[in-house]
Amino acid sequence: MSIVLNIADSVVAELNAASLSLPVFAQRLYVPNFDLQDTKELQVTVVPRELHVRGLDRHRNTYEAEIDIAVQKKFSTGDAAEIDPLISLVEEIADM
């Protein structure tokens with residue numbers, strides 16, 4: 001399996017195993033395209049974007065993977081009480 005896919009799958013596993021402020025079921029997708037009705041529940045999607053390979057010398061490379069994490073949920077009211085927990089979740093994920 002490719003390096004970027006291994007990393008994306010590892011991110012999914014880490015998110016699903018983490019003890020976060022909101023329950024998370026992450027999945028790896030290429031296009032997180034949901035119907036608005038599907039986002040009534042929290043959707044956490046890991047999207048592998050790019051893999052940059054740079055040569056260190058003749059025999060070694062360095063790899064830099066770009067992974068996006070999408071946190072999506074349809075708001076009912078859009079007030080602070082509804083949005084603040086999602087902001088906290090995003091910060092928790094960023095700190096992992």
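Some notes on this structure:
- Scanning segment 52-65 for residues that are of a type outside the set (S, T, N, Q), in a strand (DSSP E or B) and either without any contact (Cβ under 8 Å) to a residue 60 or more places away in the chain or open to solvent by 60 Å² or more (accessible area, probe 1.4 Å) (or both) turns up His52, Val53, Arg54, Gly55, Tyr63, Glu64.
- A search for C-beta distances below 7 Å between a residue of segment 8-22 that is closer than 13 Å to Leu89 by Cα and any residue that is assigned to a loop (DSSP other than H, G, I, E, B) and at pLDDT below 95, counting only pairs 6+ apart in sequence or on different chains, returns Ala18/Met96; Leu22/Leu42.
Yes/no per residue for (1) farther than 22 Å from Leu5 by Cα; (2) of a type in the set (Ser, Thr, Tyr); (3) touching a helix residue (DSSP H, G or I) at 6+ places or on another chain (Cβ under 6 Å):
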site: Thr45; (1), (2), (3): no, yes, no
site: Val53; (1), (2), (3): no, no, no
site: Thr62; (1), (2), (3): no, yes, no
site: Leu89; (1), (2), (3): yes, no, no
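- Check on Thr45, of a type in the set (S, T, N, Q), open to solvent by less than 80 Å² (accessible area, probe 1.4 Å) and part of a strand (DSSP E or B): yes
- Counting only residues that are over 11 Å from the mean Cα position of the chain (by Cα) and of a type in the set (Phe, Trp, Tyr), segment 15-32 holds 1 of them.
- From Ile83, Ile69, residue being of a type in the set (A, V, I, L, M, F, W, C) and within 14 Å of the chain's Cα centre (by Cα): Ile69
- Flag if Val12 is surrounded by 15 or more Cβ atoms within 10 Å (Cβ to Cβ), under 11 Å from the mean Cα position of the chain (by Cα) and assigned to a helix (DSSP H, G or I): yes
- Segment 75-85, residues that are surrounded by 10 or more Cβ atoms within 10 Å (Cβ to Cβ) and either closer than 30 Å to Ile3 by Cβ or at pLDDT 90 or above (or both): Glu82, Ile83, Asp84, Pro85
The values are calculated or read from the model by the stated rules, or taken from the named source; none is laboratory data. Small disclaimer: the values here were computed from a predicted structure and weren't measured. All Cβ positions, glycine included, derive from the backbone under ideal geometry; neighbour counts span all protein chains shown. Quick note on the areas: whole protein, heavy atoms, side chains included, nothing else; ligands and nucleic acids left out. Shrake-Rupley method; radii C 1.70, N 1.55, O 1.52, S 1.80 Å.
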